[in-house]
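Step one of this worksheet: look at the structure below.
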Amino acid sequence: MLLLAAALLPRLFWDAGPETAPALRQAGIEKIAVAAERVASWKGVLDVEAADPSRAIRLVAPSVDYRANQASASRTPWINANGWRIVRQPAGEFVYDVKGAQAALAAAEAFSWNANALIRTDAAGVGPLGEMLRLLKGVPAEDLAPVADFGFEDDGSATAGEVMNLFVKGNLLFRIVPRPDPALKMHVKLGTKEYPLEDAKNPVKIAQMARANLSDDRRSVRVYGSVVVVTRLLAARDRARLHLLNYAGAERRVDGIRVRVAGEYSKATVRPEMKILDFEKVDGGTEFTLPEIRTYVVVDLQK
Amino acid sequence: MPGLYPGQVVRVRSERSLDAESKKADRGVVRQMLAAGMKALTGDSNDLDGWRRFIVPQDVVGIKVNCSGAPQIFSSPEVVGAVAEKLVEAGVPASNIWVYERFENQVRTVPYAEFLPAGVQIWTAETSRGSILGYDSKVYVETTFFGEEDTRSNVARLITDKLTKIINVPNTKEHQASGVTGCLKNIAYGNFSNVARSHQREVTNTKTFIGTLAATEPVRSRVVLNVMDGLRGVWHQGPFSNEARFRFYPKLLMLGTDPVAMDRQLIELIEAKRKAEGAVSIFERARTTLGDNHDPNKNAFIREPGHVEYAAKLGLGVYDLERIRLKEIEL
């Protein structure tokens, strides 16, 4: 399936009145969504549309819980991400309730997953959101398909949801399929001999088994240098687009990240603009280092 | 490694090396200890001739310090300064000498600059914790321990970009995960990124990982000499212990090119101290010893001091005490 990668821009859902228009304009926000009863008051002030967040699927605020003071089986921080929810209902309308700089990360996440999303935020979120929307608007539309290394049969259960969440956060690229797809490298279905339901009681185990069965060598994308960066890869024959989301967001910049993408590419364009380091073709893949990720970076690769 | 003198260790001890009250190191005595150690190791009557066996003026030399545990314990600036002075005397321009470590926030707590010849540089791989930019993206060891996403440990960029030789200056410390942290661990975990991933809960993969990293080129061939700073030590809760009761003062330096033989001696030193304090051996593997390490008989991990013997199997040196030639000097 091909899709227009830059087609959907998230929209600010705004509760305040037209007196706040100057602040929105200053942040570069030209279009907003408001409750139906407020549309009239905003007419002629900004480009406005009616929306009802109560009918939208609520997403969690994208973030990282470090849980430093909590004993756990893993040093890996917990990422609050929504990719799996969007994949499960790609035609859904979503809403984020986020504060401050989280609005920027929410917008970037929605954009990366091509979600139809409203971002409801506070006054402190308007600036970061406006800045992110400016960046996202500058990403050219491309006909690219999401890259998947394996198929997953989603039975709609909470367990399957959590397994998909772990796939997303672990940068394990999958596609929901109704049956095994011979075009993919492997197939994952809960309740089979390879992925027993008993094991699925611990979804981490399923994600680890899937990763082991796929093997890191066959993965289309790898990330080195951060445990809080989640990617989404789209590609066509001669080009690819990699979205990189830093779930620690503006609170904690990622200083340097190494990425490996399957396929040999010759050229990379990075937004926001930065110098790409140590770009090279290695063993059928392309590797490069990004000097930093504040909240979001998108890399366009060309063969 | 194991370099010019496999299986040989020189241990130089001086009661005068630390002030009895303040525990401050005496620079003059440290210089004497270093000179005596070098002469004993190489057999040269002039210690500078000894240094010239390892270093030529054209070299770019790294002095790998250990600041895990700073500001409580670290490679003493008196020792590091004395090493740098000898390199300059041997003809290496000060600007071609780099004192280096992984974490800037640790190094910042130690006044190295005050003890170094003018022009010697101080470098850290991680000016912000976790940054990969100070590491070489092309030289790494790749493995997985607990299903972590980042499976690479990259070597510090300074080593691949600049250094032709490394003088390794570790401390005499017990380590909660690896049993001891001496020459091998300072070479391995001190020169590569993303190594803490080898520990989880009570399990640590230090047994194999330390030797594997230390044996990786170009690190293995760059390390030409080890000067173990045993003026001060940690016998429990290492390397970060804040508790003074777990520090001790061996007042010694060890010199050698064989990191395995030297760490074997370190094991003996730590074990003797722990025995004297009534603490269990670092080789203890009973799960009943897992727990709050404020008790010297408890530890967070099952320690892996076997990493030293494992490194010997990789050809990094001599582990068997019977085959190690130990020269002891008292000043």
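The values are calculated or read from the model by the stated rules, or taken from the named source; none is laboratory data. What you are looking at is a predicted structure, and each value in this text was computed from that prediction instead of being measured. All Cβ positions, even for glycine, are placed from backbone atoms using ideal geometry, and neighbour counts span all protein chains on display.
Has segment B:64-76 got any residue that is free of Cβ contacts under 8 Å to residues at least 40 places away in the same chain and either of a type in the set (D, E) or part of a helix (DSSP H, G or I) (or both)? Spell out the reasoning first.
Initially, segment B:64-76 is screened for residues free of Cβ contacts under 8 Å to residues at least 40 places away in the same chain, giving B:71.
Narrowing the set further to residues that are either of a type in the set (D, E) or part of a helix (DSSP H, G or I) (or both) leaves none.
No: segment B:64-76 contains no residue that is free of Cβ contacts under 8 Å to residues at least 40 places away in the same chain and either of a type in the set (D, E) or part of a helix (DSSP H, G or I) (or both).
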Check your understanding: Which strands (runs of 3 or more DSSP E) does segment A:1-67 wholly contain that include 2 or more residues that are touching a strand residue (DSSP E or B) at 6+ places or on another chain (Cβ under 6 Å) and at pLDDT below 95?
Key -> A:63-65
Exercise for review: Return the residue satisfying two criteria in turn: it lies in segment B:164-202 and is within 14 Å of chain A (Cβ to nearest Cβ) and in a helix (DSSP H, G or I), and of such residues it is surrounded by the most Cβ atoms within 10 Å (Cβ to Cβ).
Suggested key: B:S198
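Out of the residues in segment B:219-273 meeting the condition of being among the polar types (S, T, N, Q) and modelled with pLDDT of 95 or more, tell me which one is nearest to B:K173 (Cα to Cα).
Looking only at segment B:219-273, we keep the residues that are among the polar types (S, T, N, Q), and these are B:221, B:226, B:237, B:241-242, B:257, B:265.
This time we only want the ones that are modelled with pLDDT of 95 or more, so: B:221, B:226, B:237, B:257, B:265.
Numbers: B:S221: 25, B:N226: 15, B:Q237: 9, B:T257: 19, B:Q265: 12 Å.
Taking the candidates together, the pick is B:Q237.
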Review point. Would you call A:E280 within 13 Å of another protein chain (Cβ to nearest Cβ), free of Cβ contacts under 8 Å to residues at least 12 places away in the same chain, surrounded by fewer than 16 Cβ atoms within 10 Å (Cβ to Cβ) and farther than 30 Å from A:A101 by Cα?
Key: yes
Check your understanding: Does B:Q32 satisfy the criteria of being in a loop (DSSP other than H, G, I, E, B), closer than 20 Å to B:L252 by Cα and not acidic (D, E)?
Key -> no
Study note, to complete from the structure: All-but-one check, B:T127 against (1) of a type in the set (V, I, T); (2) modelled with pLDDT of 95 or more; (3) farther than 16 Å from B:I63 by Cβ, failing number (2)
Review point. Does segment A:258-266 include one or more residues that are in contact with a Ser or Thr (Cβ under 6 Å, 6 or more places away or on another chain), within 12 Å of chain B (Cβ to nearest Cβ) and under 19 Å from A:S112 (Cβ atoms)?
Key: no
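State yes or no: is B:F301 in contact (Cβ under 8 Å) with a residue 40 or more places away in the chain, among the aromatic types (F, W, Y), assigned to a loop (DSSP other than H, G, I, E, B) and loosely packed, with under 15 Cβ neighbours inside 10 Å?
Details: in contact (Cβ under 8 Å) with a residue 40 or more places away in the chain: yes; among the aromatic types (F, W, Y): yes; assigned to a loop (DSSP other than H, G, I, E, B): yes; loosely packed, with under 15 Cβ neighbours inside 10 Å: no.
No; evaluated as a whole, the condition is false for this residue.
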Check your understanding: Which of the residues spanning segment B:106-141 are in contact with a Ser or Thr (Cβ under 8 Å, 6 or more places away or on another chain), away from chain A (no Cβ under 14 Å) and of a type in the set (S, T, N, Q)?
Key -> B:Q106, B:Q121
**Study point:** In segment A:283-303, residue nearest to the other protein chains (Cβ to nearest Cβ) [restricted to those that are in a loop (DSSP other than H, G, I, E, B) and closer than 17 Å to B:D136 by Cα]
**Key:** A:P291
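Residues of segment B:209-231 being in a helix (DSSP H, G or I) and of a type in the set (V, I, T), which ones?
Initially, segment B:209-231 is screened for residues in a helix (DSSP H, G or I), giving B:209-214, B:219-222.
Of everything in segment B:209-231, those that are in a helix (DSSP H, G or I) and of a type in the set (V, I, T) turn out to be B:I210, B:T212, B:V219.
Considering every residue within segment A:210-228, establish whether at least one is touching a Pro at 6+ places or on another chain (Cβ under 7 Å), surrounded by 15 or more Cβ atoms within 10 Å (Cβ to Cβ) and of a type in the set (A, V, I, L, M, F, W, C). First the steps, then the outcome.
Of the residues in segment A:210-228, the ones touching a Pro at 6+ places or on another chain (Cβ under 7 Å) are A:227-228.
Pick out the ones that are also surrounded by 15 or more Cβ atoms within 10 Å (Cβ to Cβ) and you get A:227-228.
Next, from what is left, pick out any that are of a type in the set (A, V, I, L, M, F, W, C): A:227-228.
Within segment A:210-228, one or more residues are touching a Pro at 6+ places or on another chain (Cβ under 7 Å), surrounded by 15 or more Cβ atoms within 10 Å (Cβ to Cβ) and of a type in the set (A, V, I, L, M, F, W, C).
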Revision key, fill the gap. Residues of segment A:236-257 being more than 10 Å from chain B (Cβ to nearest Cβ) and either of a type in the set (F, W, Y) or surrounded by fewer than 20 Cβ atoms within 10 Å (Cβ to Cβ) (or both), in sequence order, are A:A236, A:R237, A:D238, A:R239, A:Y247, A:A250, A:E251
Review point. Counting residues that are of a type in the set (D, E, K, R) and either touching a strand residue (DSSP E or B) at 6+ places or on another chain (Cβ under 6 Å) or at pLDDT 95 or above (or both), which strands (runs of 3 or more DSSP E) fully inside segment A:164-282 reach at least 1?
Key: A:174-176, A:221-224, A:229-235, A:239-246, A:257-262, A:267-271, A:277-282
**Study point:** Criterion (within 16 Å of B:C67 (Cα to Cα) and under 12 Å from the mean Cα position of the chain (by Cα)) met by exactly one of B:G230, B:G238
**Key:** B:G230
Practice item. Can you tell me which residue among B:N205, B:N154 is over 21 Å from B:F103 (Cα atoms), at pLDDT 95 or above and within 14 Å of chain A (Cβ to nearest Cβ)? Key: B:N205
Practice item. Go through segment A:172-185 residue by residue and tally those that are under 13 Å from A:W84 (Cα atoms) and surrounded by fewer than 21 Cβ atoms within 10 Å (Cβ to Cβ). Key: 2
Practice item. Output the number of the condition that A:L190 fails; it satisfies all remaining conditions of (1) of a type in the set (A, V, I, L, M, F, W, C); (2) more than 14 Å from chain B (Cβ to nearest Cβ); (3) surrounded by fewer than 18 Cβ atoms within 10 Å (Cβ to Cβ); (4) more than 19 Å from the chain's Cα centre (by Cα). Key: (3)
Study note, to complete from the structure: Those residues of segment A:117-130 which are surrounded by fewer than 18 Cβ atoms within 10 Å (Cβ to Cβ) and either of a type in the set (D, E) or within 16 Å of the chain's Cα centre (by Cα) (or both) amount to A:D122
Review point. Does segment A:171-179 contain at least one residue that is basic (K, R), more than 14 Å from every other protein chain (Cβ to nearest Cβ) and closer than 21 Å to A:L105 by Cβ?
Key: no
Check your understanding: Within segment B:259-283, can you find the residues that are surrounded by 15 or more Cβ atoms within 10 Å (Cβ to Cβ) and free of Cβ contacts under 8 Å to residues at least 40 places away in the same chain?
Key -> B:E271, B:V280, B:S281
Check your understanding: When segment A:209-235 is examined, which residues are found to be of a type in the set (A, V, I, L, M, F, W, C) and away from chain B (no Cβ under 14 Å)?
Key -> A:L233, A:L234, A:A235
